[in-house]
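Contents: one structure, followed by commentary.
The values are calculated or read from the model by the stated rules, or taken from the named source; none is laboratory data. Given the structure is predicted, the values throughout are model-derived calculations rather than measurements. No Cβ is skipped: glycine too gets one built from the backbone with ideal geometry, and neighbour counts run over all protein chains shown. The protein model used for the area step is the full one, side chains on, heavy atoms only, and it has no ligands, DNA or RNA in it. Shrake-Rupley method; radii C 1.70, N 1.55, O 1.52, S 1.80 Å.
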Amino acid sequence: MIKRFLKVAVLLALVLALVTGSAAFAQDITYDSQKLDANYALALAYIGKEDYDKAMEYLDACLKYCDETSNPDVYADVHLKIACVHTIHQEYDKALAELDEAVRVKADLSEAYLVQTQVYSDLGDYENAAAALQKYIDLTGDNSLYQVKAEIYSAVGNADKALESYKIYAESDSQSQQEATYKTAIYNMENGMYEEAIKEFASILNNPTYGPSSRYNIGVCYMRQENYEKALDYFKQVKDQDYDGLRYNLGVCNMLLEKIDDAIEAFTASIEKESFVTDALYNRAICYVSQEKFANAIVDFTAYLDNMKAQKVAALNEEAKKDAEAKGTTAQEIKAEDVEDVVDISNYYRGVCYLSVGENESAIADFTACINNNLAVDDSRFNRGLANLQAGQNESARDDFTECIKKNYNKDASQFYRSYALIALGDNEGALADLTACIESEYNLGQTYYQRAQIYMAMGDQDKYVADLEESLKH
């Protein structure tokens, strides 16, 4: 559902802004007019205090002392304010009835149509919301609200009317046609209409003000269309411009085009100069993995996870600060050591890197974190089995591979590596069964026959030892 265009706070501001004031009661002072003035003033006071129930009492009382004949302006205004209170309480049927009464008496009461827009948008009735908003625009000439109207049409999937409305807004809010074109292009880009956006941007490439950023945004459009070659071409055209994210986008395009050295160079520049440090660290680490530069990848994945944790700590402190302010107290600072580490898919990739450089205990820790957080569970368990095996933790390795076999995940490889753990644990029969199953599945026959031969030798079966050795040479 589309966001509520006119927030409740805006409605309240509207109510307070539309103070009819004492001028509305410019008439001979009478008992009734005095009562009306007092009730009206009290209604506004309680609205200001956000005590809407009390405000409603005084608004209702106002209607005892005025009607559409004696004071039509005040009568319509009171019904408008009652409608606002009903809207704040989300009593939409009542609000619409009050608004109808207000405009029946005063058809040019523009604010009533603005509140109608809010009510209909809250109800999801966007066609009526658009119609009410158009009435407000017609009465006030406030073309800035065509931007809101564009959002309404966008909510109902009418892209043509949305764009038409936005263009009116852009032209009214711009100092030049080029500025309006640029704003319209941004609108198209943000709403996923990339071809339209590209055309708009392309028409102002020679404009000294909007040309450079238009080139950059054309690159963004092509990037979102996954046309990375064209995106890269446009990003390179603005390489000397200081756009936050340019270097990061250059890195992403190069990475996806498998130009890994160029990607690493761009991500490094992004890390040094842009606000995309965390994402750039992650992607540079992936690039290092693709080049089998595992030590470099470990450094980047670790920095990425540290940044993620720092962001988590900052968010928790901000939340605690807001809670404390609401309670009138002082928040106690949350420190990094008091917060659990962030775990995401980068732990899996870092674990693979640790495994590749022989840092088995660190690999086990990362794979265990992934398993505990339901991330790449099967891959993590299999790789943890390998790390346990390399670390000489044979019982743990056996258990990991057994779980993989039960889940029929990478079964042949799990049986093959479990045989090593079983041999180390003195279970030659179990190892023999695993390797025989691998041979039946024709898994890695050269190594499997060779490994089974070693077991036969340990068991004193010379004939089978020789036979398996000879068979291993055939593969």
Principal axis dimensions, largest first and in whole angstrom, of segment 101-141 by Cα: 26, 23, 11
Stokes-Einstein D (µm²/s) once Rh is taken as the Kirkwood radius of segment 44-151 over alpha-carbon pairs, at 10 °C in 1.306 mPa s: 112
Qualifying GluC sites (Glu not before Pro) for segment 343-451 [loop in DSSP, other Cβ within 10 Å: at most 12]: 442
Segment 252-324: Rg to Rh, with Rh as the Kirkwood radius over Cα pairs: 1.13
Cut-off 10 Å between beta-carbons: net charge of the residues surrounding residue 312, Lys and Arg +1, Asp and Glu -1: -1
Normalised per residue, the volume of the convex hull around the Cα set of segment 420-475 (Å³): 62
Heavy-atom SASA rank of 289, 220, 357 (probe 1.4 Å, accessible area, largest first): 357, 289, 220
Global size of segment 362-424 as Cα Rg and Dmax, reported in angstrom: 10.5, 32
Largest-first principal axis extents, alpha carbons of segment 323-468, Å: 85, 24, 23
Stokes-Einstein D (µm²/s) once Rh is taken as the Kirkwood radius of segment 135-206 over alpha-carbon pairs, at 4 °C in 1.567 mPa s: 105
Cross-link pairs 199/259; 149/312; 293/464; 183/230; 309/411 - those with Cα-Cα distance over 32 Å: 149/312; 293/464; 309/411
Alpha-carbon radius of gyration plus Dmax, which is the widest Cα pair, for segment 111-177 in Å: 11.5, 37
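Before anything else, pin down the relative contact order of segment 305-432: Cα pairs under 8 Å, at least 6 apart, normalised by residue count, whole percent.
That works out to 15 percent.
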Neighbourhood net charge (13 Å Cβ-Cβ; Lys/Arg +1, Asp/Glu -1) for residue 91: -3
Those GluC sites (Glu not before Pro) in segment 155-249 that DSSP places in a loop and that have at most 15 other beta carbons within 10 Å: 226
Around residue 280: net Lys/Arg minus Asp/Glu count, Cβ-Cβ under 13 Å: -3
Hydrodynamic radius by Kirkwood, which averages 1/r over all alpha carbon pairs of the chain, in angstrom: 29.3
q = 0.13, 0.17, 0.21 Å⁻¹, segment 386-467: log10 I(q)/I(0) [Debye, one scatterer per Cα]: -0.36, -0.62, -0.91
Where the Cα pairs of segment 46-90 fall when distances are cut into 10 Å bins, in %: 29, 53, 18, 0
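How do 215, 284 rank by accessible surface area computed with a 1.4 Å probe, from largest to smallest?
215, 284
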Where N is the number of residues in segment 220-270, Cα Rg divided by 2.2 N^0.38 Å: 0.99
As computed over segment 334-385, the Cα convex hull volume per residue (Å³): 76
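Using the Kirkwood formula over every pair of different C-alpha atoms, what hydrodynamic radius in Å results for segment 86-221?
Details: mean 1/r = 0.0616 Å⁻¹.
Roughly 16.2 Å, rounded to one decimal.
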The chain, accessible area per residue, ligands and nucleic acids excluded (1.4 Å, Å²): 51
Extent along principal axes [Cα atoms of segment 154-292; Å; largest to smallest]: 54, 35, 24
Stokes-Einstein translational diffusion, segment 304-346 - Kirkwood Rh over all Cα pairs, 1.306 mPa s, 10 °C, in µm²/s: 142
Cα-based equivalent ellipsoid of segment 286-407: semi-axis lengths in Å, sorted from largest, via gyration tensor: 35, 17, 11
Percent carbon-and-sulfur accessible area, segment 343-390, ignoring ligands, DNA and RNA, probe 1.4 Å: 42
